[in-house]
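Right, one structure below, let's go through it.
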Amino acid sequence: MWVARAVGLVGLVSVLSAASPAMSVRLRAVTEVLPSFAPDAARVATSAVGVLLLLLAGGLRRAKRRAWILAVVLAAAASLLHVVKGLDVEEATFSVAVLVLLVATRDAFMGIPDPRSGRHTAAVFAGSMALAVPAGLAIVLLDRDGQVGHPGLRAATAHVLGGLVGLPGPVAFSTARRASDVAVSLALLGGVVLLVTIASILRPADGPSPLDIHDQTRLRGLLECPGEGDSLGYFALRQDKSAMFSASGKAAVAYRVIGGVSLAAGDPLGDPEAWPGAIARWLTETARYAWTPAVLGASTAGAQAYHRAGLDALELGDEALIEVNEFTLDGRPMRTVRQAVARVRRLGYTCEVVAVSDLPDPDLTELRHSADQWREGATERGFAMALGRLGDPADTGCVIVRARRPDRTLCALLHLVPWGRHGLSLDVMRRDPAADNGVVELMVTDLLAAAPDRAITQISLNFAVFRSVFERGGRLGAGPVLRLWRRILLTASRFWQIESLYRANAKYHPLWQPRFLCFRTARDLPRVTVAALEAEAFLVPPRMIRRLTRSRRP
């Protein structure tokens, strides 16, 4: 938005102007009217205001109402400060012009804040002042030789409180230089308090409360609608997601708000004819709270629906689907899988396919404990294709595949969630690192063998990010851009399982179904990417940052 660029430019001009020396003639004219320390204090304040305006430009770009209010106040302050610090009329005129522009476009900034953010901002301001006031008292009181008389604590406190906002106080100093140094130091402290408080005010609005029992019941009803539905549909029941239903209640968008991004996952649930209503209500909410809308893992049909609603789409990768009736271990292409399965069978490994509802509590406890023990890292990853729980009594349609060693100890497991009435979608795949290679292939093939008895016709395996790059980038004749992109992904695979997931899926020769990332504009992609990585737990912000950027849910 061009208004945001104008405000950012005022901020940049203010910072550069504060760092530049004032014209001596103009400065003398100011000091004849105002105290001698006023230009230096105004210079520090101008620099702080400039930094704040640069920060506010991002909030204005997202049409946040609070950002507009603060920008109006700070643009007015910048106009005055430019005059005080050295009669910088040119910068002051520019600030006034942007102030008029902000007032004229006020109706364009309607993004409301989280109603729960007031308490958080008040706490941040109080905490900042609790640190700034003692620091200011130390600045004022420690140098007794530079003061006139012996001011008491009350006078020093009044001086500090006034100095934090750029006002003179009752404490007198022996030299103008000392008075100026104290004024600048206090103004700098005040700028820090203001910066922290505004950062709290502008932090992204937190999302609505997670799914309650009523919402989960409604979503489960949509999952039972006729038709195959989306293979990722059941993951909408994650406990950290919220749902926006269409006015008719026949469709819903499941999403989570992360860092100001309202991140939906997969296709809308329910009747495709009702999808536009659910999408429209979700987008209306994102505009109301100035969230950035994005969708992770939409199918072709879902991406088309989101595109008709105004979002763009980028192919993110492919989902591996296996048609049960067409799968076979025969033939040369399946030789690697067939040999791996035969080897672990000879070693005495066995598998069992069982519904979660049929497992006794001790078995469920063993499964949860083993899954936690075998997980790579302390963080549970997944969002678009992960349920985030194992063995919940409410998930009666889920299926467990257990692999055991010859001594009957558990060594690997698969957890799959329902996909419509005749499908399963992989949720968790874990194995003991000490288990023999081939145990995963054994579980997958035994699951496929048992699928017809359970009326299962389709199984969705892992999602392969940028699969086409690995497949086409390694071919003879691939272009330089594609080869470079493949090399970058191979490097990233050293840290994240990108190529290995693709290889693990490709060995079964599945059907590849494209999945898309949907977003408003290319400018939003960095924010959306960070939010998606955080949702999938590939990025885990420090606890302090999480506290500053999210308010507590009621």
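The values are calculated or read from the model by the stated rules, or taken from the named source; none is laboratory data. These numbers come from a predicted model, not from an experiment. As a convention, Cβ positions derive from the backbone with ideal geometry for all residues, glycine included, and neighbour counts pool all protein chains shown. Heads up: the accessible areas ignore ligands, DNA and RNA and are worked out on the full protein's heavy atoms, side chains in. Shrake-Rupley method; radii C 1.70, N 1.55, O 1.52, S 1.80 Å.
Open to solvent by 10 Å² or more (accessible area, probe 1.4 Å), basic (Lys, Arg), in contact with a strand residue (DSSP E or B) (Cβ under 6 Å, 6 or more places away or on another chain) and free of Cβ contacts under 8 Å to residues at least 60 places away in the same chain: does that describe Arg281?
Details: open to solvent by 10 Å² or more (accessible area, probe 1.4 Å): yes; basic (Lys, Arg): yes; in contact with a strand residue (DSSP E or B) (Cβ under 6 Å, 6 or more places away or on another chain): yes; free of Cβ contacts under 8 Å to residues at least 60 places away in the same chain: yes.
When the stated conditions are applied, Arg281 passes them.
For region 48-65, enumerate the residues that are open to solvent by 40 Å² or more (accessible area, probe 1.4 Å) and modelled with pLDDT of 75 or more.
Answer for region 48-65, where residues must be open to solvent by 40 Å² or more (accessible area, probe 1.4 Å) and modelled with pLDDT of 75 or more: Val51, Leu54, Leu55, Arg61, Arg65.
Here is a yes/no grid of residues against (1) open to solvent by 40 Å² or more (accessible area, probe 1.4 Å); (2) farther than 17 Å from Tyr255 by Cα; (3) modelled with pLDDT of 70 or more:
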{"position": "Thr197", "(1), (2), (3)": "no, yes, yes"}
{"position": "Ser200", "(1), (2), (3)": "no, yes, yes"}
{"position": "Pro204", "(1), (2), (3)": "no, no, no"}
{"position": "Gly207", "(1), (2), (3)": "no, no, no"}
{"position": "Ile213", "(1), (2), (3)": "yes, no, yes"}
{"position": "Thr217", "(1), (2), (3)": "yes, no, yes"}
{"position": "Glu224", "(1), (2), (3)": "yes, yes, yes"}
{"position": "Phe235", "(1), (2), (3)": "no, no, yes"}
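So which residues in region 284-310 are β-branched (Val, Ile, Thr) and either buried (at least 16 other Cβ atoms within 10 Å of the Cβ) or touching a residue at least 12 places away in the same chain (Cβ under 8 Å) (or both), if there are any at all? Please lay out each step first, then the result.
If we filter region 284-310 for residues that are β-branched (Val, Ile, Thr), which is where we start, we get 284, 286, 292, 295, 300.
Thr286, Thr292, Val295, Thr300, listed by residue number.
Give the residue that is farthest from Ile456 (Cα to Cα), with candidates limited to residues of region 320-365 that are assigned to a loop (DSSP other than H, G, I, E, B) and of a type outside the set (Phe, Trp, Tyr).
Start the filter on region 320-365 by keeping residues that are assigned to a loop (DSSP other than H, G, I, E, B), which leaves 327-331, 347-349, 359-360.
Right, trim to of a type outside the set (Phe, Trp, Tyr) and you get 328-331, 347-348, 359-360.
Numbers: Thr328: 15, Leu329: 18, Asp330: 21, Gly331: 23, Leu347: 29, Gly348: 27, Leu359: 20, Pro360: 24 Å.
Among residues in region 320-365 that are assigned to a loop (DSSP other than H, G, I, E, B) and of a type outside the set (Phe, Trp, Tyr), the one farthest from Ile456 (Cα to Cα) is Leu347.
Only one of these is β-branched (Val, Ile, Thr), in contact (Cβ under 8 Å) with a residue 40 or more places away in the chain, under 20 Å from Lys507 (Cα atoms) and open to solvent by less than 30 Å² (accessible area, probe 1.4 Å): Val444, Val417, Val465, Val399. Name it. Step through it out loud before you land on a result.
Values: Val417 fails: under 20 Å from Lys507 (Cα atoms); Val465 fails: open to solvent by less than 30 Å² (accessible area, probe 1.4 Å); Val399 fails: under 20 Å from Lys507 (Cα atoms).
From the options Val444, Val417, Val465, Val399, the qualifying one is Val444.
Which one of these does Gly473 not meet: (1) of a type outside the set (A, V, I, L, M); (2) closer than 24 Å to His422 by Cβ; (3) at pLDDT below 80?
Unmet for Gly473, out of (1) of a type outside the set (A, V, I, L, M); (2) closer than 24 Å to His422 by Cβ; (3) at pLDDT below 80: (2).
Suppose we keep only residues that are charged (D, E, K, R) and within 30 Å of Asp230 (Cβ to Cβ) within region 312-350. Which one would you say is most open to solvent (accessible area, probe 1.4 Å)?
Step one: filter region 312-350 for residues charged (D, E, K, R), giving 312, 315, 318-319, 323, 326, 330, 332, 335, 338, 343, 345-346.
Retained after the next criterion (residues that are within 30 Å of Asp230 (Cβ to Cβ)): 312, 315, 318-319, 323, 326.
Working: Asp312: 73, Glu315: 83, Asp318: 7, Glu319: 3, Glu323: 54, Glu326: 137 Å².
That would be Glu326.
Quick check: is even one residue across region 121-131 assigned to a helix (DSSP H, G or I), crowded, with 19+ Cβ neighbours inside 10 Å and modelled with pLDDT under 80?
Checked against the condition, which is being assigned to a helix (DSSP H, G or I), crowded, with 19+ Cβ neighbours inside 10 Å and modelled with pLDDT under 80, region 121-131 yields at least one hit.
Could you run through region 237-265 and say how many residues are part of a strand (DSSP E or B) and open to solvent by less than 40 Å² (accessible area, probe 1.4 Å)? Steps first, answer last, please.
Taking region 237-265 as the starting set, the residues that turn out to be part of a strand (DSSP E or B) are 242-245, 251-258, 261-265.
Within this subset, residues satisfying the condition of being open to solvent by less than 40 Å² (accessible area, probe 1.4 Å) are 242-245, 251-255, 257-258, 261-265.
Qualifying residue count for the region: 16.
Taking region 272-294 as the region of interest, how many residues are of a type in the set (Ser, Thr, Tyr) and not in a helix (DSSP H, G or I)? Quick ask: steps written out before the conclusion?
Residues of region 272-294 of a type in the set (Ser, Thr, Tyr): 284, 286, 289, 292.
From what is left, the residues that are not in a helix (DSSP H, G or I) are 289, 292.
Number of matching residues: 2.
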